Amino acid sequence: MSDFGAFLQLGFQHITDVRGLDHVLFLLALAAIYRPSDWREVLRVITAFTIGHSITLALAVTGVLDLPTALIEFLIPITIVATAVENIVVRDRQKVLGKGYHRPVFAAIFGLVHGAGFANYLRSLFVDDLAVPLLGFNVGLEVGQVAVLMVTFVAFAGLDALIGRIPLPRVHASPLRVRVFAVSSVVALVAAVWAAERSPW
């Protein structure tokens, strides 16, 4: 197998197994507010996240940027908590500044943090040539992210259908809002525990 293929497989495996669980949780937080029909918005947010983590991954792996591992491992769950809380707090995205288009900006910024986390894992595997392995790993990550999101939206569709069968009083939120609140609350709780466990102080 070529270096590109080997690192592509490595990137895919990293995002889809327990080593990438914090990144999967971040994807869940990003996707929680969307329906499958919102795929264009999802694509914008995920592309922004990809750009962010690709930049930091390249800078960190090549040695241009050197960030303390303990701080990065702490900041990753903080980005997850922040995203989940934003899901819960912002109820009407048409009324917020930019009508919800701030999410790609946040995703890109948080992607910078996650890219450093990927780099801490990947740096020891590089020897000489960086371009091909780095590209392969990035492509593998993106394929893995798409796979995770496809499974996520199937699960969300099932959850939405289940919530839709529950008779909700009119004063309560819509089934989508119930799903957003439930998923985001669980994600925020798990990430907050991780942040507390990883605190460098």
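The values are calculated or read from the model by the stated rules, or taken from the named source; none is laboratory data. None of the values given here were measured: they were computed from a predicted structure. Because the Cβ atoms are built from the backbone with ideal geometry, glycine has one as well, and the counts that use them run over all protein chains shown.
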Problem set entry | Selection from region 53-68 of residues that are surrounded by fewer than 18 Cβ atoms within 10 Å (Cβ to Cβ), in contact with a Leu (Cβ under 7 Å, 6 or more places away or on another chain) and not hydrophobic (A, V, I, L, M, F, W, C) | Thr62
Exercise. If only one of His53, His14, His23 is under 23 Å from Ala182 (Cβ atoms) and in contact (Cβ under 8 Å) with a residue 12 or more places away in the chain, which one is it?
Worked result: His23
Exercise. What about Ala29, is it surrounded by 14 or more Cβ atoms within 10 Å (Cβ to Cβ), small (Gly, Ala, Ser) and touching a Ser or Thr at 6+ places or on another chain (Cβ under 6 Å)?
Worked result: yes
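Out of everything in region 106-150 that is β-branched (Val, Ile, Thr) and more than 19 Å from Thr69 (Cβ to Cβ), what residue ends up being modelled with the lowest pLDDT? Write out each step before concluding.
At the first step, the residues of region 106-150 found to be β-branched (Val, Ile, Thr) are 109, 113, 127, 132, 139, 143, 146, 148.
Going one step further and asking which of them are more than 19 Å from Thr69 (Cβ to Cβ), we end up with 109, 127, 132, 139, 143, 146, 148.
Numbers: Ile109: 93, Val127: 56, Val132: 79, Val139: 89, Val143: 90, Val146: 89, Val148: 91.
Result: Val127.
Inside region 56-78, can you point out the residues that are closer than 23 Å to Val187 by Cα and either free of Cβ contacts under 8 Å to residues at least 24 places away in the same chain or β-branched (Val, Ile, Thr) (or both)?
Let us first name the residues in region 56-78 that are closer than 23 Å to Val187 by Cα, namely 69-78.
Hits for region 56-78 are Thr69, Ile72, Ile76, Ile78.
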Exercise. Within region 5-25, can you find the residues that are over 23 Å from Ala82 (Cβ atoms) and among the charged types (D, E, K, R)?
Worked result: Asp17
